Amino acid sequence: MTEALLQVEGLTRRFGGLVAVNGLSMTVGPSEIVGLIGPNGSGKTTALNLLSGALKPDSGAIRLAGKAIDGLPAHKIARLGLARTFQLVRVLPSLDCVENVKAGLAFRERPLWGEAATEEAIRLLRRVGLGGKVDHAASQLTYIDQKRLELARALALAPKLLLLDEWLAGLNPSELQDGIALIHSLRDEGLAIILVEHVMDAIRSLCDRCVVMSAGTVIAAGPPASVLADVEVIRAYLGD
Ligand code: ADP
């Protein structure tokens, strides 16, 4: 059996007495889109922070492409091929779009500089639908365009695995359709994706599998059609 791209085993993180992530085990295969879903406070963002190295786990193992990454600093994990976007968009507001993406290109395993970096930044900006705004300051962009920019910067790391934290939240219906199509096309190019998302239509149309968390624990996992029908999942969402 070939090893999964991402293998998570017994991942646990406490904040004082609270177990925010409690023994999370999951895998993500190449070109697979896995949804991480669950009500607010269930541990999804903490899980992403553990995977990306923003937080250190208390216990558990994380392997990316066969290499142990738990405990490594975030920039090393990024260099090994794991990139993310944030729930609250983080762009460099005073810099233009090209410079924002070049900041990502300088951080990847094989950094790009100068003219090559500018060309690659423009290619990535076109890729996410910002081809007409390459010289706009990030602070002048609309919300959706800031999200697109943040995605371009994540793609600049040439990731194998992309973590999207509510990337589709707050979009209008037509922006949502564009966003879903964009994520589909990234997967078609070979990228694996973990999607933390509340937008059910997006989960249904994008995810190969879903992992459902409640109070730090996985309560269901499987294809979205079966998981979303699961009684326990519905209970966790309704909170009864
Ligand atoms: P979700 O992303 O599913 O909404 P979170 O991972 O943000 O859930 O939070 C899981 C639990 O951990 C919540 O109870 C939250 O209050 C708690 N938590 C998250 N981050 C911290 C922190 N830095 N310090 C203390 N508690 C935290």
Practice task
Determine which member of the set Leu55, Leu50 is surrounded by 15 or more Cβ atoms within 10 Å (Cβ to Cβ), modelled with pLDDT of 95 or more and farther than 27 Å from Ser185 by Cα.
Solution key: Leu55
Practice task
Quick one: count up the residues across the range 198-228 that are at pLDDT below 90 and closer than 25 Å to Leu171 by Cα.
Solution key: 7
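Which one of Ile144, Ile62, Ile122 is of a type in the set (Val, Ile, Thr), in contact with a Leu (Cβ under 7 Å, 6 or more places away or on another chain) and modelled with pLDDT of 95 or more?
After ruling out the rest, the residue left standing is Ile62.
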Practice task
For Ala54, indicate whether it is assigned to a loop (DSSP other than H, G, I, E, B), within 16 Å of the ligand (Cβ to nearest atom) and farther than 24 Å from Thr27 by Cβ.
Solution key: no
Exercise for the section: Could you list all residues from the range 215-233 that are in a helix (DSSP H, G or I), surrounded by 18 or more Cβ atoms within 10 Å (Cβ to Cβ) and not aliphatic (A, V, I, L, M)? Expected result: Pro224
Completion exercise
Within the range 185-214, the residues that are buried (at least 16 other Cβ atoms within 10 Å of the Cβ) and within 16 Å of the ligand (Cβ to nearest atom) are Ile194, Leu195, Val196, Glu197, Val199, Ile203, Cys210, Val211, Val212, Met213, Ser214
Practice task
Go through the range 23-51 and give me each residue that's within 16 Å of the ligand (Cβ to nearest atom), touching a strand residue (DSSP E or B) at 6+ places or on another chain (Cβ under 9 Å) and not in a helix (DSSP H, G or I).
Solution key: Gly23, Leu24, Met26, Val34, Gly35, Leu36, Ile37, Gly38, Pro39, Gly41, Ser42, Gly43
Practice task
Determine which member of the set Gly43, Gly81, Gly35 is farther than 21 Å from Arg187 by Cβ and not basic (Lys, Arg).
Solution key: Gly43
Practice task
For Leu182, indicate whether it is of a type outside the set (Asp, Glu) and buried (at least 19 other Cβ atoms within 10 Å of the Cβ).
Solution key: no
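The values are calculated or read from the model by the stated rules, or taken from the named source; none is laboratory data. Just so it is clear, the model here is predicted, and its values are computed rather than measured. Note: ideal-geometry Cβ built from the backbone for every residue, glycine included; neighbour counts use all protein chains shown.
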